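Below is one structure, written out as structure tokens; the observations come after it.
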Amino acid sequence: MSAADQIDWSQCSLVEVNPNVQSGAPVLRGTRMAVSAIIDNLDYGVSVAEISEQFEIPQDRVQAVLIYAKSHRVAHPV
């Protein structure tokens, strides 16, 4: 299970889940950009500025997604 699968994205206005886009994976609203790519890159040590440049997403949007993800992680079932 990826980091993005453990996050409740339902209240994040920057993210949408649509079964017809990226097989229902959470994506940045209005794009096909999976939020898991942002989280995974940060986990691999890529900076917010580098993620922003790599995916052509404003830094404030990247930062907002990361802040939301950190504060809305769902406890992994045992």
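Coordinate-derived values only; no laboratory data. Just so it is clear, the structure is predicted and the values come from calculations on it, not from any experiment. Cβ: placed from backbone, ideal geometry, glycine included. Neighbour counts: every protein chain shown.
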Q: Provide a single number: the residues in the range 2-30 that are more than 17 Å from R73 (Cβ to Cβ) and surrounded by fewer than 17 Cβ atoms within 10 Å (Cβ to Cβ).
A: 11
Q. Going by the conditions given, is R32 in contact with a strand residue (DSSP E or B) (Cβ under 9 Å, 6 or more places away or on another chain) and not β-branched (V, I, T)?
A. no
